[in-house]
Every structure is written in C-alpha cells, then in structure tokens.
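Below is one structure, written out as structure tokens; the observations come after it.
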Amino acid sequence: MPAWVWSHDPEVYAYQNYEKAVAAAGKQVATDEDNDGMPPNFPPGYVYQPWSIEKVMQDMKVGIPIDLGKGNWD
C-alpha cells in the first residue's frame, strides 16, 4: 500500500478540521479542494473515479494490479 494510506491519520484530520468542515457545509463549499484552510482528506492531485469491489476482485483474479488513480500517494 502507498505511504499516504498508512501515514494519513483520519482521527487527527477529523479533530483538526471538524469546525472548518461544519462551517464549509453551512456555506455549501465544495470539498474537492483546499477550502478556507481545510485540506481535502485525500492525496494531492487525486481525482475520484467510480469503482466497485467486484471490479477490483475481477482484476486481481486475472493479475491486473490495483490502480489507485492519479495523485501523490507517496
């Protein structure tokens, strides 16, 4: 697994950004970029692509490596 997966601490992120997230939700601010000092909780450069566990499992069965998508996962 990429370093970002193991080094990101969601509990610390939640405590550090809870108030900012509540304020942003009240203003209907998009959450896909840094807003009012609140960093997104995904790697820089990542863009969500729809996926399913079925597709991941199918790819694994035929030897296709898991692609986490664009972004700095290091």
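Here are a few things to note about the model shown:
- Residue within the range 52-66 that is under 22 Å from W4 (Cα atoms), in a loop (DSSP other than H, G, I, E, B) and modelled with pLDDT under 80 present: no
- Looking across the range 20-51, the residues that are hydroxyl-bearing (S, T, Y) and modelled with pLDDT of 70 or more come down to Y46, Y48.
- Per the conditions (1) under 15 Å from the mean Cα position of the chain (by Cα); (2) at pLDDT 75 or above; (3) surrounded by fewer than 12 Cβ atoms within 10 Å (Cβ to Cβ); (4) over 16 Å from W73 (Cβ atoms), the sole criterion not satisfied by S7 is (4).
- Residues that are out of contact with any helix residue (DSSP H, G or I) (no Cβ under 9 Å at 6 or more places or on another chain), of a type in the set (A, V, I, L, M) and surrounded by 11 or more Cβ atoms within 10 Å (Cβ to Cβ) within the range 40-74 comprise V56, M60, listed in sequence order.
The values are calculated or read from the model by the stated rules, or taken from the named source; none is laboratory data. Everything numeric here is computed off the predicted structure, so don't read it as measured data. FYI the Cβ positions are ideal-geometry reconstructions off the backbone, even for glycines, and counts take in every protein chain you see.
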